[in-house]
Amino acid sequence: MRKYTIVVEKINEFISEFNNLLKEEYQIEALDLQQLENDAYFLNLNGKTWDTAYYPRCGGPGVYFYFASSVDDPSKLALYVGKASNNSNLGRRIDTHFNWRIKQGNLDQEGKDGVAYRIEMITSLPIEKNDTGFLAPALEEFLISKFSRHGEFTLFNSQGT
């Protein structure tokens, strides 16, 4: 899933900007690009069924991402940013989006631009260091705001949704 390298790099750039607002002990680690081909970190959904899919790094609060490309033009990329706050966990939030999709074998979703996208990869970013799960909603909103203005990729969601 190397085609998503540019998206992950942009996520990491924005996480770095977010971290500039925080004391060092509360800063959030970036996504590890070296793990892009590791299904335990970035789950490649191509060819997966419900029986074989599992959600990476999903035990507590944090932010999750799903990556998609246009059905008609695989070079056109899209992203969804979501969060699991302290009262939830990443696994339950991701399951909300993917349980029925994987069971039905339907990983297509229409973007805000009206284009049909196929969801191909998911990952999560746990935020548990120093009891910082409360930062998940702030990071989610920060990333959505940044990607909304960035314009290079389609964003499935908008702030407050």
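Values in this text are rule-based calculations from the coordinates and carry no lab data. In this text, all values refer to a predicted model and were calculated from it rather than measured experimentally. Heads up, the Cβs are rebuilt from the backbone with ideal geometry, glycines too, and the neighbour counts pull from every protein chain shown.
Structural remarks
- Counted by Cβ distance under 14 Å from PRO74, the other residues give a net charge of 0, where Lys and Arg count +1 and Asp and Glu count -1.
- Packing order of peptides 150-157, 15-22, highest average first: 150-157, 15-22 (average count of other Cβ atoms within 10 Å over each peptide's residues).
- Each peptide in 138-149, 110-121 receives the mean, over its residues, of other Cβ atoms within 10 Å, and ordering these scores from highest gives 138-149, 110-121.
- Aspartates and glutamates whose Cα lies under 13 Å from that of LYS10, excluding same-chain neighbours fewer than 8 positions away: ASP32, GLU152
- Highest average packing first - 27-33, 122-128, Cβ atoms within 10 Å: 122-128, 27-33
- Those aspartates and glutamates that a straight Cα-Cα span of less than 15 Å connects to LYS129, excepting residues fewer than 8 apart in one chain: GLU24, GLU25, GLU29
- Label zone of LYS112 (point 7 Å out along Cα→Cβ, amide N under 19 Å): in segment 128-147 this covers 137-147.
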